[in-house]
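The values are calculated or read from the model by the stated rules, or taken from the named source; none is laboratory data. Computed from a predicted model, the values in this text were never measured in an experiment. Using ideal geometry, Cβ is built from the backbone for each residue, glycine included, and neighbour counts are taken over all protein chains shown. Ligands, DNA and RNA are stripped out before the accessible areas are found, and what is left, the full protein with its side chains, is counted by its heavy atoms. Shrake-Rupley method; radii C 1.70, N 1.55, O 1.52, S 1.80 Å.
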Amino acid sequence: MRAARFTTWSAVTLGALGAALAVSTSVPPPLPSGWQAKIGTLLPQAGQTVTLLERRPSISTVALELVVAGAGGDREVLRQVTATAARGVAPTYDKRLNISAEDFKRYIVFQNTLASTGKTFRLSVSRDATRVSFGDGPYMNGVLKGVSIDLKTGEMRGPEGFSARPVAVPANDDPERGLLIRSGFQWRMNGNNAQIGNGVRGTLNLLQLGSGRVLLSYTRKSMIDRKVDDFDRELIVEYTR
């Protein structure tokens, strides 16, 4: 299978898909006009070919470079620091940078980025006129199994028996604030039923990126029939619609 072209946003910093994109206000923004059609357009087609993404730790030294340059710090030491950070290794303080150890720690920013795994596959998904339903398959690890979204109401349902409605994700054209987003939706699934032993805490994001491609992610922790999944599971894929 020919690898899908991975867009340049792969190195854009994520605050965290489930947190930075979450609507933090008590009253979520209203859904945009024509939101049902938009959700239907962004959701994957049956057998959609996707690229598997993963979170990778990253260390940003942009702010450090600026403050060291302003302080007249040793350029060679700074180069060594940035080279170490580029390998994903936490750099050590050197007084020749002409800043304090406390400032050094403050300007070293640890963050997550998204990157392609280089793996492409066909998403296990089916759709009809009213619903998109997910199954399971290679690389999906059961994360979306049993999840469905109603194309008319926007309601998302999961195998645990709970549901969630979408909220609009604000557009973002500032790379300093995270992913470049044209539009999108988020479902936050939270529920617990002690009588039947089911529960879930999950966040599904469906985003149209600045590149025009679509990002679909689902992060969840669940319990079914009193059996708790030991892992916080996550699936992040990118595709073209």
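Return yes or no: is Phe104 among the aromatic types (Phe, Trp, Tyr) and open to solvent by 50 Å² or more (accessible area, probe 1.4 Å)?
The answer is no for Phe104.
Considering each residue of segment 113-157, count those that are closer than 22 Å to Asp229 by Cβ, open to solvent by less than 60 Å² (accessible area, probe 1.4 Å) and not in a strand (DSSP E or B), and give that number.
The qualifying residues number 10.
Of (1) under 23 Å from Gly142 (Cβ atoms); (2) assigned to a strand (DSSP E or B), Glu160 satisfies all except one. Which?
Glu160 satisfies every listed condition except (2).
Tell me which of these Arg241 doesn't satisfy, since it passes every other one: (1) surrounded by fewer than 15 Cβ atoms within 10 Å (Cβ to Cβ); (2) touching a strand residue (DSSP E or B) at 6+ places or on another chain (Cβ under 7 Å); (3) farther than 21 Å from Gln48 by Cα.
Of the numbered conditions (1) surrounded by fewer than 15 Cβ atoms within 10 Å (Cβ to Cβ); (2) touching a strand residue (DSSP E or B) at 6+ places or on another chain (Cβ under 7 Å); (3) farther than 21 Å from Gln48 by Cα, the odd one out for Arg241 is (3).
Can you tell me how many residues within segment 128-162 are under 19 Å from Asp232 (Cα atoms) and either among the small types (Gly, Ala, Ser) or without any contact (Cβ under 8 Å) to a residue 40 or more places away in the chain (or both)?
Adding up the residues that qualify gives 12.
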